[in-house]
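Comments concern the structure below.
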Amino acid sequence: MRSRPPLRAAAAGILIAILAVTVLAADQFTKVLAIASLPPEQVVPILGEFLQFYLVRNPGAAFSLGEGVTWLFTIALAVVAGVIVFLAVTRVRSRLWATVLGLLLGGVLGNLTDRLLRDPGFPVGHVVDFISTPWMMPAIYNVADMFIVTMMISVALLVLFGLRLDGTRETRASREAEAAAAADDTAAPAGEAATAADTAAPAAAAADTVAPADRRPATSERPADDSRRAQPGEAADTAEPGTR
């Protein structure tokens with residue numbers, strides 16, 4: 001079965017944006033309904049202890065942690081949203097990654113909207129929580145929290161199974177190929193330097209061989225010249241007894 005081609009950048013961005021807006025709208029709509037119809041801090045059983053509604057406004061994180069540093073959570077949510085948008089624009093081509101990041105972005109924007117727009121004011125607004133499942137955990141949460149937790153688990157699973165943002169899969173063979181390519185890139189400059197050294201060595205040896213001949217003194221022919229100069233004198237000495 002042939003695998004589908006990866007998404008184009010525009011298609012991935014549109015998919016992420018649609019999912020994020022859908023989750024954001026669902027989160028804010030349910031919070032408006034909860035504020036309008038639920039009494040504050042009173043248990044409203046829906047399915048016994050399996051599902052209950054309990055309306056609270058949370059200035060901190062889960063289990064009311066960090067209530068005095070609400071602005072830190074605002075910054076953290078903004079950073080996460082920015083990273084997801086950056087990945088969506090530059091790297092995401094996988095349908096699974098686009099789906100997971102789109103839903104995660106929607107959850108992040110849902111709570112970030114509360115931090116920015118709800119009382120007591122920007123940027124320390126309290127998040128509206130109203131869903132309680134005592135059988136599973138004591139925390140009270142909202143729709144945005146559900147998507148944040150489940151999509152973070154999904155991100156971990158995608159990384160664990162080796163699915164990359166571009167849709168390719170990381171396998172042992174691919175890791176070995178990347179390691180070999182990196183080793184080749186590292187070895188290439190050393191190989192070029194060794195080749196240059198090997199090329200320069202014969203030239204240097206030839207220069208050393210020629211140099212003594214160039215430096216040889218030009219006095220080797222002088223004895224021959226002196227002997228040739230002495231020949232007329234010798235001839236005169238030889239001829240002198242005859243003349244006597």
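The values are calculated or read from the model by the stated rules, or taken from the named source; none is laboratory data. This is a predicted model, so every value here is computed, not measured. Note: ideal-geometry Cβ built from the backbone for every residue, glycine included; neighbour counts use all protein chains shown. Please note that ligands, DNA and RNA were not included when accessible areas were found on the heavy atoms of the full protein model with its side chains. Shrake-Rupley method; radii C 1.70, N 1.55, O 1.52, S 1.80 Å.
For region 1-158, with every protein chain kept in place, what is the accessible area per residue (1.4 Å probe, Å²)?
56
For ASP184, what accessible surface area do you get with a 1.4 Å probe? Give it in Å², rounded to 10.
Near enough 100 Å² of accessible area.
Write down the Kirkwood hydrodynamic radius of region 63-168, to one decimal in angstroms, obtained as one divided by the mean of 1/r over all alpha carbon pairs. Don't skip to the end; give the middle numbers.
On the way: mean 1/r = 0.0671 Å⁻¹.
14.9 Å is the Kirkwood radius here.
Report, to the nearest whole %, how much of the accessible area of region 1-103 belongs to carbon and sulfur atoms, 1.4 Å probe, protein only.
On the way: 4610 of 6430 Å².
The nonpolar share, carbon plus sulfur, comes to 72 percent.
Which trypsin sites (Lys or Arg not before Pro) from region 51-123 combine a DSSP loop assignment with at most 15 other Cβ atoms within 10 Å?
ARG91
Grab every C-alpha pair in region 6-115, bin the distances at 10 angstrom width from 0 up to the longest one, and report whole percents.
14, 34, 31, 17, 4
Please go through region 28-86 and write out the chymotrypsin sites (Phe, Trp or Tyr not before Pro) that DSSP classes as loop and that have at most 15 other C-beta atoms within 10 Å. Present the calculation step by step, with values, prior to reporting the outcome.
Values: sites: PHE29, PHE50, PHE53, TYR54, PHE63, TRP71, PHE73, PHE86; in loops: PHE50.
Here the chymotrypsin sites (Phe, Trp or Tyr not before Pro) that fit, given the DSSP loop and packing criteria, are PHE50.
Within a Cβ distance under 9 Å of VAL56, other residues only, what is the Lys/Arg minus Asp/Glu net charge?
Every neighbour counted, the sum reads -1.
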